[in-house]
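Here the structure comes first, spelled out in structure tokens, and everything after it is commentary.
No value in this document is a laboratory result; all are computed from the given coordinates. Just so it is clear, the model here is predicted, and its values are computed rather than measured. We place every Cβ from the backbone using ideal geometry, glycine too, and count neighbours over all the protein chains shown.
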Number of protein chains: 2
Amino acid sequence: MNLHVRVFTIGALAKAAGVSTPTIRYYEEIGLLPPAPRTAGGQRTYDDDDLGRLTFIKQCRDFGFGIDQVRVLLELSISTDRDCVETRDIAQRHLDEVRQKLAELRSLERRLEGFVTRCNAACAGGPGQDCVIFKDMAVPAKGGCCG
Amino acid sequence: MNLHVRVFTIGALAKAAGVSTPTIRYYEEIGLLPPAPRTAGGQRTYDDDDLGRLTFIKQCRDFGFGIDQVRVLLELSISTDRDCVETRDIAQRHLDEVRQKLAELRSLERRLEGFVTRCNAACAGGPGQDCVIFKDMAVPAKGGCCG
DNA sequence: CTTGAACCTCAAGTTACTTGAAGGAGTACG
DNA sequence: CGTACTCCTTCAAGTAACTTGAGGTTCAAG
């Protein structure tokens with residue numbers, strides 16, 4: 001088995017976890033990662049545990065969890081005397097938010113579609129035309145394009 | 001007809017356009033709104049033109065356009081010698097971005113769904129259980145929940 | 001004339017990093 | 001051993017689009 005401990009520089013760790021090196025220093029600064037041990041020269045060193053923790057953080061961020069949520073999830077992932085339900089609830093709430101956002105974006109997509117379509121229908125004319133595209137947008141109703 | 005000019009305080013304008021008062025000051029500061037005339041006491045005053053402009057900005061922001069895009073759209077909406085195609089293109093590009101974001105969110109929704117489902121299936125147990133939910137997330141593959 | 005809401009400016013906080021400047025550490029080559 | 005080159009260090013500031021707070025002034029009503 002692999003009994004030897006891999007040691008990473010900050011750059012190697014960054015590449016392995018798929019984040020940037022300033023991001024790692026930032027995570028250390030805000031306490032998501034523990035202060036890394038240093039070489040005699042002051043450079044940070046990491047091991048596989050750090051890679052695991054950082055990878056976990058990265059995955060959570062990819063899931064769209066905010067830093068504070070990641071903090072909670074990290075804690076939950078370490079303590080053994082807490083149940084999974086809390087984690088599930090966090091994920092569920094987050095899922096609800098994602099769905100909310102999805103609904104908003106879908107509505108926005110439809111509105112933008114309409115906008116572009118009306119543009120294409122009414123504004124095929126070249127330059128020099130007096131485009132009235134925005135007249136409708138200065139009133140609180142729906143946006144229009146080119147009259 | 002309405003020949004009298006409506007005059008707004010910043011608060012009234014904010015309410016009419018659906019934004020906050022600090023936001024209006026901020027828009028003035030960054031040049032989206034012209035510097036407002038002041039009363040003798042130094043308070044800002046606005047009229048219907050300002051309401052129109054601010055409403056336009058609000059609509060654009062609701063459409064998801066960034067401040068810099070709004071700047072361009074404002075200019076396009078004022079100049080008469082430019083054609084509508086430029087506007088359409090900006091909207092089209094933005095629509096593409098929205099669709100890209102939608103695709104990402106949909107994917108994220110599916111992943112979160114899976115996460116929550118696995119949580120419910122495996123983690124119905126109460127507190128005190130040793131939750132291994134995060135073991136999978138410390139490796140670069142897909143996230144898992146509760147083994 | 002006094003009260004209270006709404007207004008003023010200026011500075012800092014928010015999120016999650018990124019970017020830049022100026023300089024030190026580590027490694028390989030000759 | 002020198003030097004070249006990459007990677008590392010810290011610290012400060014920048015990003016987007018505002019929000020929040022402190023401390024003080026103006027306006028309209030009663």
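Less than 5 angstrom separates the built amide H of B:Phe8 from those of B:Tyr46, B:Asp47, all sequence-distant by 5 or more or on a different chain. Taking every residue in A:85-95 and counting other chain Cβ atoms within 10 Å of its Cβ, the average works out to 6.
Between region A:21-83 and region B:1-45, how many Å separate their Cα centres? If you average the Cα positions of each part, the centres end up 46 Å apart. Counts of other chain beta carbons within 10 angstrom of each beta carbon in peptide B:106-112 average 5. Only Cα pairs under 8 Å and 6+ residues apart enter the sum, and on that basis the relative contact order of region A:28-110 stands at 15 percent.
For the peptides B:49-59, A:57-67, A:102-112, what is the packing order when you average, over each peptide's residues, the other Cβ atoms within 10 Å and list the highest mean first? Present the calculation step by step, with values, prior to reporting the outcome.
On the way: B:49-59: 20.3, A:57-67: 18.5, A:102-112: 14.9.
For the peptides B:49-59, A:57-67, A:102-112, the packing ranking is B:49-59, A:57-67, A:102-112.
Averaging the inverse of every distinct alpha carbon separation and then flipping it gives the Kirkwood radius. What is it for region A:10-82, in angstrom units? Computed over Cα pairs of region A:10-82, the Kirkwood hydrodynamic radius comes out at 12.7 Å.
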